[in-house]
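S.K.: If you scroll down you'll find the structure; I have some questions about it.
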Amino acid sequence: MPGTRSALASTLGCLTLVAALGCARYVVRVETDPAGAEVTVDGNTSREQRWSVSGNDEPTALLARWPDGKQVAAQVYIDRDSTIVMRRDGEADQVVGARVVGMAPGLPPGPPPVAEPGAAPPLTGPLPPPPSTITPGPGDPMAKARKLYDEGQKAYELTDFDVAIEKFRAAYELIRSSNDPAAPEVLGAVIFNLAVVYERSYEVTPDLERLRRARVMYRQYDEQMASIQANWAKSSEHADVLARIRALEARLEPKQ
């Protein structure tokens with residue numbers, strides 16, 4: 001979806017839709033070695049250690065802090081649904097779906113360093129957790145959802161928006177019934193994508209009901225993310241969703 005926050009956990013694979021309304025969205029999970037470190041991604045924590053991250057030209061900031069105060073920070077570019085293992089010694093032991101552009105061990109607690117003009121962003125911030133690595137087996141709802149998602153992506157790229165909506169809604173129903181631990185985060189990404197498709201489809205079929213549905217889905221996405229991500233209400237992504245909702249409400253207001 002718009003550049004789309006389109007992500008299906010690693011169990012489903014990475015599916016990216018590109019549109020004019022936003023940027024891609026992926027599910028990221030971070031593990032630490034040794035375990036027990038508090039992880040943040042762009043300053044946000046997550047109860048499930050999974051984050052929904054926008055894919056764009058800016059690196060994502062990861063930070064792992066162990067109980068004794070030892071911490072490791074990194075800057076990574078997220079290419080797709082990702083899994084990252086952060087080691088206490090400052091090495092990226094395993095990176096799938098992302099490119100590490102900087103990592104620093106032993107950063108002292110306190111305010112982040114100030115970068116010189118034109119310098120790379122300082123290595124501070126939170127760590128992202130990657131999606132589940134479970135491989136869906138035959139008959140698994142997530143495996144079926146992946147197939148539907150692939151079909152929906154192709155339809156979206158061809159601007160066959162009604163077909164895309166049908167496929168994504170079917171994937172939504174399967175994911176909603178899945179017991180996979182990554183399902184809540186993945187479901188959020190699917191909801192966002194549906195909102196984008198409904199909004200984008202108005203360009204082809206100017207029916208206000210499509211904008212109303214888009215508004216409902218954006219609200220549902222906001223509620224879903226608030227239920228699984230700590231500090232969601234303070235995030236820039238929450239602000240972005242509210243801006244989208246306000247823009248839709250303005251379009252839906254009766255013309256004077």
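The values are calculated or read from the model by the stated rules, or taken from the named source; none is laboratory data. All values derive from a computational prediction rather than experimental measurement. For neighbour counting, all protein chains shown are included, and Cβ atoms are generated from backbone atoms with ideal geometry for every residue, glycine included. Quick note on the areas: whole protein, heavy atoms, side chains included, nothing else; ligands and nucleic acids left out. Shrake-Rupley method; radii C 1.70, N 1.55, O 1.52, S 1.80 Å.
S.K.: Looking only at residues in segment 182-209 that are of a type in the set (Val, Ile, Thr) and over 19 Å from Arg50 (Cα atoms), which one is most open to solvent (accessible area, probe 1.4 Å)? So that I can check it myself, show each step before the final result.
M.R.: Pass one, segment 182-209, residues of a type in the set (Val, Ile, Thr): 186, 190-191, 196-197, 204-205.
Pick out the ones that are also over 19 Å from Arg50 (Cα atoms) and you get 196-197, 204-205.
Details: Val196: 0, Val197: 0, Val204: 94, Thr205: 55 Å².
Ranking the qualifying residues of segment 182-209, first place goes to Val204.
S.K.: Would you please name the residue that is modelled with the lowest pLDDT, looking only at residues in segment 42-79 that are on the phi > 0 side of the Ramachandran plot and surrounded by 15 or more Cβ atoms within 10 Å (Cβ to Cβ)?
M.R.: Kept after step one, since they are on the phi > 0 side of the Ramachandran plot, are these residues of segment 42-79: 42-43, 49, 69.
With surrounded by 15 or more Cβ atoms within 10 Å (Cβ to Cβ) added as a condition, the list becomes 42, 49.
Working: Asp42: 80, Gln49: 75.
Top of the filtered list is Gln49.
S.K.: If you go through segment 186-202 one residue at a time, how many are hydroxyl-bearing (Ser, Thr, Tyr) and closer than 15 Å to Val241 by Cα?
M.R.: Initial filter on segment 186-202 (hydroxyl-bearing (Ser, Thr, Tyr)): 198, 201-202.
Remaining after also requiring closer than 15 Å to Val241 by Cα: 198.
Adding up the residues that qualify gives 1.
S.K.: Give just the number: which of (1) in contact with a Phe, Trp or Tyr (Cβ under 9 Å, 6 or more places away or on another chain); (2) open to solvent by 60 Å² or more (accessible area, probe 1.4 Å); (3) at pLDDT below 90 does Arg213 not satisfy?
M.R.: (3)
S.K.: Here's a follow-up. Looking at the structure I just gave you, is Arg219 open to solvent by 50 Å² or more (accessible area, probe 1.4 Å) and in contact with a Leu (Cβ under 6 Å, 6 or more places away or on another chain)?
M.R.: Details: open to solvent by 50 Å² or more (accessible area, probe 1.4 Å): yes; in contact with a Leu (Cβ under 6 Å, 6 or more places away or on another chain): no.
Taking the combined requirement at face value, the residue does not satisfy it.
S.K.: Determine which member of the set Ala170, Ala247, Ala226 is within 26 Å of Met142 (Cα to Cα), at pLDDT 90 or above, more than 14 Å from the chain's Cα centre (by Cα) and open to solvent by less than 60 Å² (accessible area, probe 1.4 Å).
M.R.: On the way: Ala247 fails: within 26 Å of Met142 (Cα to Cα); Ala226 fails: more than 14 Å from the chain's Cα centre (by Cα).
Residue meeting the stated conditions: Ala170.
S.K.: Regarding Ala250, is this residue more than 29 Å from Gln49 (Cβ to Cβ) and either outside any loop (DSSP other than H, G, I, E, B) or among the acidic types (Asp, Glu) (or both)? First the steps, then the outcome.
M.R.: Details: more than 29 Å from Gln49 (Cβ to Cβ): yes; either outside any loop (DSSP other than H, G, I, E, B) or among the acidic types (Asp, Glu) (or both): yes.
Here the answer is yes, as Ala250 does meet what is asked.
S.K.: Sticking with this one: Considering only segment 184-198, I want to know if a residue exists there that is at pLDDT 90 or above, in a helix (DSSP H, G or I) and over 16 Å from the mean Cα position of the chain (by Cα).
M.R.: yes
S.K.: Any chance you could count how many residues in segment 151-166 are farther than 20 Å from Ile191 by Cβ and crowded, with 16+ Cβ neighbours inside 10 Å?
M.R.: 1
S.K.: Show the residue pairs that are 6+ apart or on different chains and have beta-carbon atoms under 7 Å apart, the first residue being within segment 245-256 and closer than 22 Å to Tyr221 by Cα and of a type in the set (Asp, Glu), the second being surrounded by 14 or more Cβ atoms within 10 Å (Cβ to Cβ) and at pLDDT 90 or above.
M.R.: Glu249/Arg215
S.K.: If you don't mind, another one. Read through the list (1) open to solvent by less than 60 Å² (accessible area, probe 1.4 Å); (2) out of contact with any helix residue (DSSP H, G or I) (no Cβ under 8 Å at 6 or more places or on another chain), then give the number of the only condition that Asn179 fails.
M.R.: (1)
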